[in-house]
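Structure record follows, encoded as structure tokens.
The values are calculated or read from the model by the stated rules, or taken from the named source; none is laboratory data. Because the structure is predicted, anything quoted here is derived from the model rather than measured. We place every Cβ from the backbone using ideal geometry, glycine too, and count neighbours over all the protein chains shown.
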Amino acid sequence: MSAMHDAPEALIRLAGITKVYGSGQAAFQALRGVDLSISAGEFVAVMGPSGSGKSTVMNILGCLDTPTSGSYEFQGVHVETMDRNQRALLRRHFLGFVFQGFNLLGRTSALENVELPLLYRGEPAAKRHAAARAALAQVGLDGWEDHTPAELSGGQQQRVAIARAIVTNPAVLLADEPTGNLDSQRSVEIMELLTELNRQRGITILMVTHEPDMAAYAHRQVHFVDGRVDSDARTPALEAGT
Amino acid sequence: MIWNTLLLALREIRRNLLRSFLTILGIVIGVAAVITMVTLGNGATQSISDQVSSLGSNLLMVRPGQRMGPGGSAGAPMFKLADVQAIATQVSGIKAVAPETRKAVSVVVGARNWSSVATGSTRDYFTAAGWTLSAGRIFTEAEARGGQAVCVIGATLQRELFGGGDPLGESMRVADFSCQVIGVLAAKGQSAFGSDQDDTIVMPIRTVQRRLTGDPDVRTILVSANDSNATEAVKVRVETLLRERRKIGANEDDNFNVLDTKQIAQTLSTTTRIMTTLLGAVAAVSLLVGGIGIMNIMLVSVTERTREIGIRLAIGALEHEVLLQFLIEAVVLSSLGGLIGVALATGASIGLSSLMSIPYLFDPGINLLSFGISALIGVVFGFFPARRAARLDPIDALRHE
Ligand SMILES: Nc1ncnc2c1ncn2[C@@H]1O[C@H](COP(=O)(O)OP(=O)(O)OP(=O)(O)O)[C@@H](O)[C@H]1O
Ligand SMILES: [Mg+2]
């Protein structure tokens, strides 16, 4: 698949994306025309005040939600014209998603939760187990494979959710506040993990965060205000942490 | 993919054991109730028609009095042997005619005694009443004419008085005379009215009249028609003849009645069939209630399930894969419930029918039907809520509250 527009290496291109929740009197415009282009291999931090539309744009990028208008190209293919199954296959094969609220299956062990995306990819059992264990180990949860979400702390659940998103080795990892529930030590570990995934596996990462410290790990910081991209700049290496 | 989906469905059932159990329970009870009721009803119907036909085939029972039952014969003249003779010679289409005069007696053999009923009749009685012998012989014409003290006993007497051993040639004390056993009747079992048909002694009618009743009356005349379709016609002919012989005027009512056992059989089996249908209907309601229970459980868990569906869709499941999983889950659960129900019903039916001493008749139709209905209920109530959820955008399913 190839892109034909200005930036040939653009993996994701959003143009004029709007999102309106509800209708009539209760209608609320969460996104007011978002233009955003992301190249393969980038590590992008999405920042902005609460309610500025960060999660909304992540959901649209993750094909979990559909925009009200605008165009979304993934590897040059228009996602907004895809049908449900095509979008599901896009999720299955290219995307990993870490939800703001984890969204793990209850009464299901960490291992089984992490295996689930592989199951839908039709991987054989042995391969599934091995990959799921490795992913859990990567997020520092070896030994916790058999625990169900109810038996895990918020931070541990967060890490299971990350393991589930990276177990398929996706082209793009979309993480909505992956460190929101973690202490700073754990947060640093997760950031280092993401950095490693980005560098070594070449996974493109989009991460929502409120913390400048965490955003500093990214190459690029996109600021949302009021449903629009307010600023979009490369992380100044020397100013990291401000 | 199917295999994986099956695996997922089974895993989900195991994971939610309580919910699965409750889902199954309604179906188990409903299916078991329907099958048990219908099976027992069929058994009862069968047993009643067996018993009625054991009275004798195409049998008419003629009794004095306007109606059957106690007091029905008050004031009406009894029959005589001549009436029996007249029917035998003047009514066409009959296989056998026999008088019947019965008397309750106590019977003693050695140290054992037993209360039974002595039936006096002719050789034709065995044909008319449908008796066969398991041992020995019936009385001869000469013995009958001479009023000899010979008797043919039922299986119950053989068991109670002779300990099941060979009674042929033995003597029994019947009331105040001694009677020689010459034959044993093959067992018939209980009658349609619950009495033991094998608790009987048959002897020549002269013997009973002389030694037990002391009068020449015939209490009942048994008429066996040649053909089961001819019983109506034979009945009319017998009535005409008897009205003539008893000198009943054209505008007077009969002072006797003729009972057609086929009619009893039909009435009884119609009654039990109605009962079976009613019980089946009640049981069907319980199956329905079971179905509503399932629906309830499915709806209660719909929030949780909708979120689960949202998660599965979000990590790359296709709509039809999620649906297949839920479909398999619903089918597995309800067929499991159906199977347990069928097993339970089989056990209960066998147990209850032996308790009620009716035959156990396996009815494949009702088993298949209730199994099918249970599967259908499970699929409908398990599948449709899931289908609604799987059609949402993943994010809407995840937000479902
Ligand atoms: N399903 C919905 N229905 C109606 N309004 C919604 C819905 N989801 C989000 N919104 C609104 O859209 C706006 C943007 O929400 P969004 O979740 O994208 O914010 P956010 O930037 O992720 O905030 P936070 O940092 O708190 O997570 C908010 O004002 C929110 O109230
Ligand atoms: Mg958010």
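Of the set (1) within 16 Å of ligand 2 (Cβ to nearest atom); (2) in contact (Cβ under 8 Å) with a residue 24 or more places away in the chain; (3) at the interface with another protein chain (Cβ under 9 Å from one of its Cβ atoms), all apply to A:G101 but (2).
Here B:T306 passes the criteria (1) within 14 Å of another protein chain (Cβ to nearest Cβ); (2) not in a helix (DSSP H, G or I) except the one numbered (2). Checking B:R210 against (1) in contact with a strand residue (DSSP E or B) (Cβ under 6 Å, 6 or more places away or on another chain); (2) closer than 20 Å to B:Y125 by Cβ; (3) modelled with pLDDT of 90 or more, which single condition isn't satisfied? It is condition (1) that B:R210 fails. Figure legend. Inter-residue proximity from region B:1-26: first residues more than 19 Å from A:L105 (Cβ to Cβ) and among the aromatic types (F, W, Y), second residues in a helix (DSSP H, G or I) and at pLDDT below 80, beta-carbon distance below 9 Å, spacing 6+ or different chains. No pairs are indicated. Of all residues assigned to region A:76-83, none qualifies as being within 7 Å of another protein chain (Cβ to nearest Cβ) and either on the phi > 0 side of the Ramachandran plot or away from ligand 1 (no atom under 16 Å from the Cβ) (or both).
Being part of a helix (DSSP H, G or I), in contact (Cβ under 8 Å) with a residue 12 or more places away in the chain, buried (at least 23 other Cβ atoms within 10 Å of the Cβ) and not hydrophobic (A, V, I, L, M, F, W, C) is a condition met by no residue of region A:190-204. Identify, by number, the condition in (1) outside any helix (DSSP H, G or I); (2) crowded, with 21+ Cβ neighbours inside 10 Å that B:A330 doesn't meet. Result: B:A330 fails condition (1) only.
Per-residue answers, yes or no, for (1) surrounded by 22 or more Cβ atoms within 10 Å (Cβ to Cβ); (2) more than 16 Å from ligand 1 (Cβ to nearest atom); (3) within 13 Å of chain B (Cβ to nearest Cβ); (4) in a helix (DSSP H, G or I):
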{"position": "A:L136", "(1), (2), (3), (4)": "yes, yes, no, yes"}
{"position": "A:W144", "(1), (2), (3), (4)": "no, yes, no, no"}
{"position": "A:Q156", "(1), (2), (3), (4)": "no, yes, no, yes"}
{"position": "A:L174", "(1), (2), (3), (4)": "yes, no, yes, no"}
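Give me the residue from region A:9-27 that is without any contact (Cβ under 8 Å) to a residue 40 or more places away in the chain and either in contact with a Ser or Thr (Cβ under 9 Å, 6 or more places away or on another chain) or within 15 Å of ligand 2 (Cβ to nearest atom) (or both) and, out of that set, nearest to A:I190 (Cα to Cα). My answer is A:E9. Within region A:44-71, restricting attention to residues that are more than 14 Å from chain B (Cβ to nearest Cβ), touching a strand residue (DSSP E or B) at 6+ places or on another chain (Cβ under 6 Å) and of a type in the set (S, T, Y), the residue that is surrounded by the fewest Cβ atoms within 10 Å (Cβ to Cβ) is A:S69. Filtered by the rule that a residue be aliphatic (A, V, I, L, M) and more than 9 Å from chain B (Cβ to nearest Cβ), region A:110-124 gives A:A110, A:L111, A:V114, A:L118.
Scoring B:G164 on the criteria (1) surrounded by fewer than 20 Cβ atoms within 10 Å (Cβ to Cβ); (2) under 31 Å from the mean Cα position of the chain (by Cα); (3) in a strand (DSSP E or B) leaves a single failure, condition (3). Going by the structure shown, is A:V79 within 14 Å of A:A15 (Cβ to Cβ) and in contact with a Ser or Thr (Cβ under 9 Å, 6 or more places away or on another chain)? The answer is yes for A:V79.
Sub-8 Å Cβ pairs linking a first residue in region A:214-231 that is within 25 Å of A:V20 (Cα to Cα) and of a type in the set (A, V, I, L, M) to a second residue that is assigned to a loop (DSSP other than H, G, I, E, B) and away from ligand 2 (no atom under 15 Å from the Cβ), at least 6 apart or interchain, number zero. If you go through region A:206-221 and keep only what is more than 12 Å from ligand 1 (Cβ to nearest atom) and assigned to a strand (DSSP E or B), you end up with A:L206, A:M207, A:R220, A:Q221. Just one of the listed residues (A:R107, A:R32, A:R87) is on the phi < 0 side of the Ramachandran plot and either away from ligand 1 (no atom under 12 Å from the Cβ) or within 14 Å of chain B (Cβ to nearest Cβ) (or both), and it is A:R87.
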